[in-house]
Amino acid sequence: MTDFVKMSFLSRWPSRSPLGREIRATVTLAAPVVVVQLGLMLMGTVDTMMLGRLSTEALAAGALGNTVSFGVLILPLGLLMGLDPLIAQAHGAGDPEAVGRHFRRGLVLALAVSIPVAWIHAHLGVLLEPLGQRPAVAALASDYLLAIAPGVPAFLIFLVLRQTIQAMSLVWPAVVAVVVSNLFNVGADYALIFGRLGFAELGVYGSGIATSLSRFVLAGSLLAAGWWRYRPTFGRASWSDLAPRSHFSLLRLGLPVSLQMGLEMWVFMTVGLMMGSLGAVEFGGHQIALNLAALSFMVPAGIAATAA
């Protein structure tokens, strides 16, 4: 009888105590955020799995291109994460006009930053061989970087859309978008890497095209799934959204995050380049292990994003 009373008390505790309500709210919000984080990482994992079936050099080239790409993308990614506290505070204060201003400024900043970032992707391949990478792998990785360059604006726009809706504690549209884009990525990889469904066999270059197209599907799916929530935030656009000074609050928060995340990512990228100098097999094995580690890391990363 005593055990039954204790069990009854524990079963009711989460819903009645303040701490229990906070835990329940955190778990409710964190679970879909973790799913989104895992889904984003899963795209690169699927690319690695499929390229590994093609050849060792293809696996190493795709992994090298993906590693270098995120080494560049991490800076605008961290910058746009400054939207989290700004939009969360405006939403919590019941100020939809401020939410709309931050949202529009985030879109402007994402589009502006995407131009140099895409250009860097398209031209970064020439540095891979001087950095110690094997010529055959460097050439394929260069093709991969060129292929994913057009998808950079879509990926950064997706980040703005995700940060905005996530800061308003609405996360299911991002889950829908990640599921749709992952399914598309699997089909596109299958068709473009191996030359199936009437497409030419493009190998590593095809994987890059599939990734680029998947990012457009990712952004489009999120916009469609959350349109009812995004539409009121657009409000009346103003020229002030384009003024550099209007972005100061976002830059002040985002720049430190960008640099901190960049320093962390560049350590992994440097180690990857060192492994690549040993050979394609060594780099491929390193990337497989790193993908598995990164997948597990997405769980605490998602919980951290929930706290933000």
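What whole-number value in Å² describes the accessible area per residue of the chain for a 1.4 Å probe? Could you put the intermediate results ahead of the total?
Numbers: 15110 Å² over 308 residues.
Result: 49 Å² per residue.
Ordering LEU75, SER55, TYR230 by Cα displacement along the dipole of the chain toward the positive end leaves TYR230 in first place; charges were set at the Cβ atoms of Lys, Arg (+1) and Asp, Glu (-1).
Most tightly packed first, judged by the mean number of other beta-carbon atoms within 10 Å of their residues, the peptides 254-261, 105-112, 224-231 read 105-112, 254-261, 224-231. Taking the longest Cα principal axis of the chain as reference, the axis of helix 56-80 is set at about 40 degrees. Peptide packing: for 291-304, 80-93, the average count of neighbouring Cβ atoms within 10 Å per residue gives the ranking 80-93, 291-304, highest mean first. As a check on your grasp of the helix formula, calculate [θ] at 222 nm for the chain: sum -39500 (n - 2.57) over DSSP H runs of n ≥ 4, divide by the residue count, round to the nearest 500. My calculation for the chain gives -29000 deg cm²/dmol from helical runs alone.
Using a 1.4 Å probe on the protein heavy atoms, what percent of the accessible area of region 95-134 belongs to carbon and sulfur?
On the way: 1420 of 2040 Å².
Carbon and sulfur together cover 69 percent of it.
Hey, what angle do you get for helix 152-167 against the long axis of the chain, alpha-carbon based, 0 to 90 degrees rounded to 10? The helix 152-167 is inclined about 20 degrees to the chain. Post the alpha-carbon centroid distance, region 45-97 to region 178-237, in whole angstrom. Their Cα centres are 14 Å away from one another. Taking a ≥ b ≥ c as the square roots of the eigenvalues of the alpha carbon gyration tensor, region 4-141 is oblate, as a/c is not under 1.5 and a/b does not beat b/c.
In terms of Cα atoms, the Rg and Dmax of region 250-307 work out to 14.6, 43 Å. Angle of helix 248-276 to the longest C-alpha principal axis of the chain, folded into 0 to 90 degrees and rounded to 10: 40°. Can you give the log10 of the normalised intensity I(q)/I(0) at q = 0.09, 0.12, 0.13 Å⁻¹, computed with Debye over equal Cα scatterers of the chain? These q points yield log10 I(q)/I(0) values of -0.49, -0.82, -0.94.
Size descriptors for region 78-224: radius of gyration and Dmax over Cα atoms are 17.9, 56 Å. How large is log10 I(q)/I(0) at q = 0.16, 0.20, 0.21, 0.22 Å⁻¹ when the Debye formula is applied to the Cα atoms of region 76-163, each weighted equally and without solvent? Results for region 76-163 at q = 0.16, 0.20, 0.21, 0.22 Å⁻¹ read -0.68, -0.86, -0.91, -0.95.
The values are calculated or read from the model by the stated rules, or taken from the named source; none is laboratory data. Please read these numbers as outputs of a predicted model, since none were measured by experiment. Using ideal geometry, Cβ is built from the backbone for each residue, glycine included, and neighbour counts are taken over all protein chains shown. Remember, those area values only see protein heavy atoms, side chains included, never the ligands or the DNA or RNA. Shrake-Rupley method; radii C 1.70, N 1.55, O 1.52, S 1.80 Å.
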